[in-house]
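To start, the structure under review is shown below, and the notes come after it.
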Amino acid sequence: MRKKGLWKKLTALGLAASMVLAMGACGKKETPAETPAETPATSEGETASEGSEAPASEGKTKITFWSPFSGGDGDIMTAMVDEFNAQSETTEVEFMIFKSEEYYTKLLAAITSDSAPTLAISHATRIKEYVTDGLLEPLDELATTTNVDWTEFTETLQQVSQVDGTHYCMPLDTHLLLMHFNVDDFEKLGLLEADGTVQVPRGEEEFFKFFEGIRDQLDAGRMPLSGTSMNGLPMYLWYTLLTQYGGDVCDADGTTATLDTEENKKALSVIMRMVDEEIWPKNQKNGAELFTGNIAVATINGDWAVPTFEGTDGLNFVSMPFPQFTDKDSVYADSHTMVLPVNKNKTDAERASAMEFMTWMTNHTEMWAQAGHIPSKTAVIESDAFKNLPYRSLYAESAKYAKTYPQICGVAGLTEMSYRELAAMIAGEQDVDTTAANMQKEFQEILDSYNK
Amino acid sequence: MQMAMGKEKRQRAIKKNLVAWCFLLPFLYFFVNFLLYPILKGIHLSLYDSTLGGSQSFARLSNYIAMFQDKNFWNSMFNTLFFVVISTPTIVLVGFIFAMFINSKLKGTIFIRACLFSPYVLSMSVVTGLWIFIFQPYTGLVTQMTAKLGVGEMYWLNTKWLVWLAILITTVWWTVGFNMVLFLAGLQDIPDEIYEAARIDGANSRQILFRITIPMLKDTITLVILLQTIASFKLFGQTYLMAGGGPGTHTKTIVHYIYETGFTNRKMGYAAALSFAFFVVVFLVTLLQNKLLGSKEE
């Protein structure tokens, strides 16, 4: 009897403990305001999957399209898909939205089990890694059927859309880091230009002089610059500065990390100077909120924050290119692109439809620009439809010197690593030299794991 | 005669078993397919050098060897154990105190019970969103209160050790209701006659608590501690969302590390090895706990 009881107990224990394994990773990551793929306002982004509303008509080829866009970005993309479905006589696109934090995991899992969608959104910086593992279809041959002229894309995007001379994605946008200013405050400070813009003078000392002047004039409880001190934003700022000071994360062939360098230490110490001088006070949890809530007179945030600021009642703001600290123009950027994931069950008809859709989308990115992003094609950037949108043309020219991460495998690991190291440095847990050394060591390990 | 009886008995037993199996089958189907198979598959995967969506090759025990030399593994395991040690007693004790209070049948306890239980139904992102709002610097509720007291900015979510306190408070607020309800059910199972008899015999309330209530709640306490320990081991959402595992890796838990290894860096084989090691640790701790708490019974 005693023995039986023990056995029972053990079984029960085993079952209980096994749940640990099965239910391990089930957390949800809240949408931080600095995640480019979506709109900041949504804190509880339930997995929304929306079918396009156009009625399915007979004879149309049905294709599926996955994206990580929620909130405002998702609404705009849904409207674009609906518009396409209404116009196309041959193709019907079924649009699916996933939570951004689990998007790439879902996509990878789908590709490995041959249930990938016909086409999907991917950041340009992820392409190389997927191509290396044979997860994406090349597009060049297919692109000739719809007469895609790759030179219509901006120069940066022409480069990032190909791996070793073969195109694997069609870019929708350039999205990049900006600086946004509260117009009312800058008018009071006497720093608003006649044309309603704010011009931060070029150069490191000039930048600090400008913002120290602002800091000294502000009432207690207010701050010159806001910007979330963890997750994406510190990394966007860091990579902007690193490249302005002439550095980069690794060498040209992507095998050796170059982060324990003078350039990186310079970039990191400029960040710490901003923190220590209380121009950008440390440990901010929600930079966008500090700006819309009138605590900060200016904010560091991406172009994706523009719709949120536009939707804030009583906020008069202007969005400008990120200030330049050196003579070398540069700003952190990435691109939302469309790719064809590998799927054994995909038919040629579906491929043709996917290409028709991608071509249409890249020609209509003035709609996508409502989300704050800069269109991928020069002609669209120069179109009246885009120029008539407020703010956008003030910062569109920074797309010319936009700098994405180099084409390497392991950008996801690099992102995670820099989130962690930068947040620890800004919180005062480690100094500039330690941070640079840690970054070098950890990023080298990531690179090595892909270059075995 | 005897043989016929034996046969009948066996038939009855088979029939009885058959019915039992019919009830068990639907559960077993899901258990085997969605729990047992993935676990075995995970153990199998842990012997491979496997990239999510990429190549896979047999690696013997190299994942396990790498794990023992991995500073991040030990660090995140320590962080997880630290949380188990601080959170389990706190949540069990607070749950017990709340249950005792509500069981006292004072006026308004139904309302208070609802208040205490309601956070449990909220999702992780809502709970952490709310507490970030309370703890965040510059505009947070706590900051505004401490500012009135003349204490400066404390950066609750960015300061070593203080961040654990913030996470503990959040977790207690979120999950204590569940333990409270379990304790409450246990308390209500204790017959009133025993209390009555004790009071007639002149026992004071302290004696009643330690000699009657707690011994009678033995099974419930064991269950609550077991469930709470496992829940604490699985900590991920609160630290991930409120502190990003930081500052640095100060609040990075083992589940966070497994998630990062598997889904950010796509090293599925290594992540499977970490998961299995985690499973072994939880299994051993629960076994030990059961032994310690169960032995007093006899």
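The values are calculated or read from the model by the stated rules, or taken from the named source; none is laboratory data. Fair warning: this is a prediction, and the values are worked out from it, not measured in the lab. Cβ placement follows ideal geometry from the backbone for every residue including glycine, while neighbour counts extend to all protein chains displayed. Keep in mind that these areas ignore ligands, DNA and RNA; they rest on the heavy atoms of the full protein, side chains included. Shrake-Rupley method; radii C 1.70, N 1.55, O 1.52, S 1.80 Å.
For the reader, a short list of remarks on this structure follows.
- Selection count where residues are more than 9 Å from chain B (Cβ to nearest Cβ), open to solvent by less than 20 Å² (accessible area, probe 1.4 Å) and of a type outside the set (S, T, N, Q), scope the stretch A:426-452: 4
- Test for residue B:83: is it in a helix (DSSP H, G or I), within 23 Å of residue B:286 (Cβ to Cβ) and open to solvent by 60 Å² or more (accessible area, probe 1.4 Å): no
- Single residue of the stretch A:89-117 satisfying the filter (open to solvent by 10 Å² or more (accessible area, probe 1.4 Å) and polar (S, T, N, Q)) that is farthest from the other protein chains (Cβ to nearest Cβ): A:90
- The strands (runs of 3 or more DSSP E) located wholly in the stretch A:94-213 that include 1 or more residues which are β-branched (Val, Ile, Thr) occupy A:119-123, A:173-182.
- Matching residues in the stretch B:130-141 - criterion: being more than 7 Å from chain A (Cβ to nearest Cβ) and in contact (Cβ under 8 Å) with a residue 24 or more places away in the chain: B:131, B:135
- Count of residues meeting criterion [within 20 Å of residue B:157 (Cα to Cα) and not aliphatic (A, V, I, L, M)] in the stretch A:281-320: 8
- Elements of type helices (runs of 4 or more DSSP H) contained in the stretch A:349-419, each with 1 or more residues being touching a helix residue (DSSP H, G or I) at 6+ places or on another chain (Cβ under 7 Å), closer than 30 Å to residue A:448 by Cβ and open to solvent by 50 Å² or more (accessible area, probe 1.4 Å): none
- Residues being open to solvent by 10 Å² or more (accessible area, probe 1.4 Å) and in contact with a Phe, Trp or Tyr (Cβ under 8 Å, 6 or more places away or on another chain) - total across the stretch B:169-186: 6
- Of residues in the stretch A:253-287 being open to solvent by less than 10 Å² (accessible area, probe 1.4 Å) and polar (S, T, N, Q), the one nearest to the other protein chains (Cβ to nearest Cβ): A:283
- Taking the numbered list (1) surrounded by fewer than 19 Cβ atoms within 10 Å (Cβ to Cβ); (2) part of a helix (DSSP H, G or I) in turn, residue A:242 passes all entries but (1).
- Taking the criterion of being farther than 18 Å from residue A:323 by Cβ and touching a Phe, Trp or Tyr at 6+ places or on another chain (Cβ under 9 Å), the residues of the stretch A:224-254 that qualify are A:229, A:230, A:231, A:232, A:248, A:249, A:250, A:254.
- Inter-residue pairs, beta-carbon under 9 Å, first more than 10 Å from chain A (Cβ to nearest Cβ) and closer than 25 Å to residue B:191 by Cβ and in the stretch B:216-240, second open to solvent by 10 Å² or more (accessible area, probe 1.4 Å) and among the charged types (D, E, K, R), 6+ apart: B:216/B:189; B:217/B:189; B:218/B:296; B:218/B:297; B:219/B:297; B:220/B:189; B:222/B:297
- Counted residues, the stretch B:177-195 - those being assigned to a helix (DSSP H, G or I), touching a helix residue (DSSP H, G or I) at 6+ places or on another chain (Cβ under 8 Å) and farther than 13 Å from residue B:94 by Cα: 6
- Taking the listed residues B:73, B:78, the one that is in the same structural domain as residue B:269 (by TED's automatic domain parsing) and open to solvent by less than 70 Å² (accessible area, probe 1.4 Å) is B:73, with no other qualifying.
- Residue A:250, sole failed condition from (1) more than 14 Å from every other protein chain (Cβ to nearest Cβ); (2) hydrophobic (A, V, I, L, M, F, W, C); (3) in contact with a helix residue (DSSP H, G or I) (Cβ under 9 Å, 6 or more places away or on another chain); (4) open to solvent by 30 Å² or more (accessible area, probe 1.4 Å): (4)
- As for the stretch A:76-84, it holds at least one residue that is hydrophobic (A, V, I, L, M, F, W, C), in a helix (DSSP H, G or I) and open to solvent by 10 Å² or more (accessible area, probe 1.4 Å).
- When residue A:151 is tested against the conditions (1) within 19 Å of the chain's Cα centre (by Cα); (2) free of Cβ contacts under 8 Å to residues at least 24 places away in the same chain, the lone failure is (1).
- Hits in the stretch A:288-311 - residues which are surrounded by fewer than 24 Cβ atoms within 10 Å (Cβ to Cβ) and of a type outside the set (Ser, Thr, Tyr): A:289, A:293, A:294, A:295, A:307, A:309, A:310, A:311
- Hits in the stretch B:246-266 - residues which are touching a residue at least 40 places away in the same chain (Cβ under 8 Å) and hydrophobic (A, V, I, L, M, F, W, C): B:254, B:255, B:263
- Any chance residue A:205 is out of contact with any helix residue (DSSP H, G or I) (no Cβ under 8 Å at 6 or more places or on another chain), more than 22 Å from residue B:262 (Cβ to Cβ), modelled with pLDDT of 95 or more and of a type in the set (Asp, Glu): yes
- Among the conditions (1) in contact with a helix residue (DSSP H, G or I) (Cβ under 6 Å, 6 or more places away or on another chain); (2) crowded, with 18+ Cβ neighbours inside 10 Å; (3) without any contact (Cβ under 8 Å) to a residue 24 or more places away in the chain, the only one that residue B:163 does not satisfy is (3).
- Scope the stretch A:420-439; condition more than 17 Å from residue B:265 (Cα to Cα) and either under 17 Å from the mean Cα position of the chain (by Cα) or part of a helix (DSSP H, G or I) (or both); matching residues: A:422, A:423, A:424, A:425, A:426, A:432, A:433, A:434, A:435, A:436, A:437, A:438
- Out of A:184, A:164, sole residue that is at pLDDT below 95 and out of contact with any helix residue (DSSP H, G or I) (no Cβ under 7 Å at 6 or more places or on another chain): A:164
- Residues of the stretch A:313-341 that are of a type outside the set (D, E, K, R) and surrounded by fewer than 17 Cβ atoms within 10 Å (Cβ to Cβ): A:314, A:316, A:326.
- Residues located in the stretch B:98-129, provided they are surrounded by fewer than 12 Cβ atoms within 10 Å (Cβ to Cβ) and either within 14 Å of chain A (Cβ to nearest Cβ) or part of a helix (DSSP H, G or I) (or both): B:110, B:111, B:114, B:115, B:118, B:121
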